[in-house]
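> Dropping the structure in here first, questions after.
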Amino acid sequence: MRIIVTGLLAFVLFASQGCVLLGLAVYEYTGLNFTNVVDPYTTADRVTGRLTVPELNPNLTFAGIEADVVSYVFNDGHQELNNSNSTVVQIKVSTDANGDIVDARVFVNDASGNIQLVRTTTDFDTGIDNLGPFGANTGAGTWARTQ
């Protein structure tokens with residue numbers, strides 16, 4: 001009986017270490033500069049962001065990962081929305097054979113504004129202040145896995 005309990009304890013410890021070894025993946029997004037702006041946004045502004053999730057499966061096609069997100073932060077040059085001050089409306093990703101993000105739809109918001117990355121037949125990024133100002137572009141930015 002003692003051998004079984006010891007073996008079970010060793011397995012549990014190994015399994016928990018395995019989860020740690022698999023770890024989290026961090027993906028960073030860099031959008032194109034805005035081309036359509038209303039002051040205070042400028043054409044020097046753009047959407048950037050970071051998404052931390054458990055390692056993603058390969059070959060996903062716009063899979064909803066909202067429940068898997070550990071943390072996020074997106075910035076449009078005038079507002080920074082993160083998991084402490086905003087709400088995820090949608091985060092869907094497509095991945096390549098390595099599990100790296102190649103496409104995404106992201107929409108996060110708070111009471112004063114929202115940030116969107118939309119990849120459909122028309123690619124665009126937007127940063128919107130609910131009081132009226134905004135910045136937008138019509139092009140796809142890039143994702144890079146940094147961890």
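> Here is a list of conditions, (1) within 17 Å of V26 (Cβ to Cβ); (2) touching a residue at least 12 places away in the same chain (Cβ under 8 Å); (3) touching a strand residue (DSSP E or B) at 6+ places or on another chain (Cβ under 7 Å), and N82 meets all of them except one; can you say which number that is?
With (1) within 17 Å of V26 (Cβ to Cβ); (2) touching a residue at least 12 places away in the same chain (Cβ under 8 Å); (3) touching a strand residue (DSSP E or B) at 6+ places or on another chain (Cβ under 7 Å) applied to N82, the lone miss is (2).
> Looking only at residues in region 43-68 that are among the aliphatic types (A, V, I, L, M) and crowded, with 16+ Cβ neighbours inside 10 Å, which one is farthest from Y29 (Cα to Cα)? Walk me through how you get there before you give the answer.
From region 43-68, those among the aliphatic types (A, V, I, L, M) are 44, 47, 51, 53, 56, 60, 63, 65, 67; that's our starting set.
Narrowing the set further to residues that are crowded, with 16+ Cβ neighbours inside 10 Å leaves 47, 51, 53, 56, 60, 65.
Numbers: V47: 8, L51: 8, V53: 14, L56: 16, L60: 18, I65: 16 Å.
Within region 43-68, the match that is farthest from Y29 (Cα to Cα) is L60.
> List pairs: first in region 88-109 and touching a residue at least 12 places away in the same chain (Cβ under 8 Å), second small (G, A, S) and not in a strand (DSSP E or B), Cβ under 7 Å, 6+ apart or cross-chain?
Pairs that qualify, where the first residue is touching a residue at least 12 places away in the same chain (Cβ under 8 Å) and the partner is small (G, A, S) and not in a strand (DSSP E or B), are V108/S86; N109/S86.
> Pairs under 9 Å by beta carbon, first residue closer than 22 Å to D125 by Cα in region 50-74, partner in a loop (DSSP other than H, G, I, E, B) and among the basic types (K, R), six or more apart or different chains?
These pairs meet every condition: F62/R119.
> Another one. If you go through region 80-91, how many residues are surrounded by 18 or more Cβ atoms within 10 Å (Cβ to Cβ) and either under 12 Å from R46 (Cα atoms) or not polar (S, T, N, Q) (or both)?
Our first condition is that a residue be surrounded by 18 or more Cβ atoms within 10 Å (Cβ to Cβ); within region 80-91, this holds for 81, 86, 91.
With the extra rule that they be either under 12 Å from R46 (Cα atoms) or not polar (S, T, N, Q) (or both), the set shrinks to 81, 91.
Residues flagged as surrounded by 18 or more Cβ atoms within 10 Å (Cβ to Cβ) and either under 12 Å from R46 (Cα atoms) or not polar (S, T, N, Q) (or both) within region 80-91 amount to 2.
Readers should treat all values here as calculations from the given coordinates under stated rules, not as data from a laboratory. Remember, predicted model here, so these are calculated numbers, not experimental data. Cβ sites come from the backbone with ideal geometry, for glycine too, and all protein chains shown count toward neighbours.
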